[in-house]
1. What FRET efficiency comes out for residue 192 versus residue 131 if R0 is 51 angstrom and r is the Cβ-Cβ distance? Round to the nearest 0.05.
2. At R0 = 45 Å, how high is the FRET efficiency between residue 235 and residue 181 if r is their beta carbon distance? Nearest 0.05 is fine.
3. Could you check the simple spin-label distance between residue 255 and residue 173, using points 7 Å along Cα→Cβ, in nm with one decimal?
4. Label points 7 Å out from Cα along the Cβ direction at residue 108 and residue 25: separation in nm?
5. Residue separation times 0.36 nm, minus the C-alpha to C-alpha distance between residue 384 and residue 349: what's the value?
6. Going by Cα centres, the stretch 72-113 and the stretch 364-426 are how many Å apart?
7. Taking Rh as the Kirkwood radius computed over C-alpha pairs, what is the Stokes-Einstein D of the stretch 2-176 at 25 °C in a medium of viscosity 0.890 mPa s, expressed in µm² per second?
8. Based on a Kirkwood Rh over C-alpha pairs, give the Stokes-Einstein translational diffusion coefficient of the stretch 348-517 at 20 °C and viscosity 1.002 mPa s in µm²/s.
């Protein structure tokens with residue numbers, strides 16, 4: 001933890017910055033010193049060339065150039081004292097006036113440079129060879145060439161060679177001193193910089209952290225104000241004002257949270273009321289068919305009772321009539337029980353159910369309803385697995401809503417005399433685009449040949465209170481409630497339609513873990 005502290009990080013950053021700065025300064029100093037050394041060597045070479053020029057003699061009888069006899073011996077000493085390795089002097093006709101010593105490097109290259117200098121009458125410098133400098137590989141030799149003028153004409157030339165390795169050695173010795181100085185400087189400046197930054201920035205932050213750790217709600221001032229009007233003091237004052245406003249608004253915040261919790265409870269209750277209201281609306285539609293469905297069995301029962309009043313009826317025939325009347329009574333009881341079960345409020349407890357059984361139960365309820373008269377209702381349950389974890393009453397409500405919508409669409413279309421409604425099921429694999437969370441689902445499709453839905457309206461059909469039915473024939477909540485219930489089950493619903501040709505409403509329900517594992 002200490003390694004990651006703010007003091008450690010600041011010390012490391014300061015040390016790195018100072019080290020980089022000193023390294024750059026060191027490099028610049030070495031390069032500058034090297035440039036001055038080389039420039040000094042070049043100047044000495046030109047001065048020596050000027051001195052040599054003064055000791056040239058031109059014989060009057062032959063016009064041949066020679067050095068003064070005693071100067072040749074002095075030139076060896078001068079070259080050695082000046083730090084030059086060797087020199088070559090020749091006239092414009094390549095006659096050697098002062099030959100290079102046997103150990104002189106690159107004598108042939110030097111002669112070529114001297115000839116170029118004589119021809120151009122210009123001073124020249126060349127760098128050749130490679131040697132290790134201070135930081136990287138650099139030139140090894142410096143060649144200084146200058147024309148020697150007699151009566152204003154370049155009659156001869158001199159080439160002087162200096163080995164730069166001596167300069168590099170001096171710079172490397174200097175570099176060692178600079179390195180020691182830089183290390184001491186780095187340590188002193190890092191400690192000094194760290195001390196200053198700690199006092200200016202870190203200690204105020206640490207005081208604020210300590211105050212934050214010691215915070216108590218009853219404190220009037222959370223952060224202590226300093227004696228100086230700097231950024232940290234202004235920050236402390238601003239935080240004190242902020243916390244004071246937060247404290248003042250605390251009761252309002254708690255009241256708002258309580259109000260939101262109550263609103264959330266009311267919203268859930270309102271949602272349950274909407275679901276129940278839509279269910280009762282569907283019950284109203286279903287109950288209109290009860291009179292016809294119950295009337296026939298009651299009429300048959302009354303007929304059998306009239307027959308049973310006959311005194312001379314054989315016992316076996318009487319028992320047959322009683323049995324038939326009992327069957328009709330059970331039929332009426334079943335119809336009423338189905339309607340009561342559907343209208344009863346749902347407890348909302350999910351359980352593993354067989355969806356096919358719910359579909360068949362719903363089909364039995366609506367098959368003899370007035371709104372399905374004239375509609376060819378077919379069921380094709382082809383899914384291999386149909387077990388889902390859900391509330392059966394909610395699922396029954398969804399299916400009845402979809403059947404009622406399909407029946408209304410058929411009754412308002414040109415196909416109302418030959419309407420068709422197909423309810424089919426299939427399993428969608430986890431690799432299919434219609435799968436939910438990459439898991440297999442049960443898909444139940446309600447396919448009708450009704451009036452269809454215009455393309456411009458299909459995006460609105462799941463909105464609350466949206467309906468295309470005539471006033472009084474729909475609440476506009478059926479598909480909205482179905483969408484909400486399926487969303488709570490972890491499922492979904494999709495609509496596909498062609499205007500004037502029909503609609504397919506597809507319900508997707510996640511299969512239970514029993515089916516997935518099986």
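Each reported figure results from applying straightforward, stated rules to the coordinates on display, with no laboratory input. Keep in mind that this is a model prediction, so the values were computed, not measured. Quick reminder, even Gly has a Cβ in these numbers, built from the backbone with ideal geometry, and neighbours come from all protein chains shown.
1. So, using R0 = 51 Å, E works out to roughly 0.80.
2. In this case the efficiency is close to 0.65.
3. Label-label distance for residue 255 and residue 173, simple model: 8.8 nm.
4. In this crude spin-label approximation the distance works out to 5.0 nm.
5. That works out to 10.1 nm of additional length.
6. Centre-to-centre distance over Cα atoms comes out at 116 Å.
7. Translational D for this selection: 132 µm²/s.
8. 131
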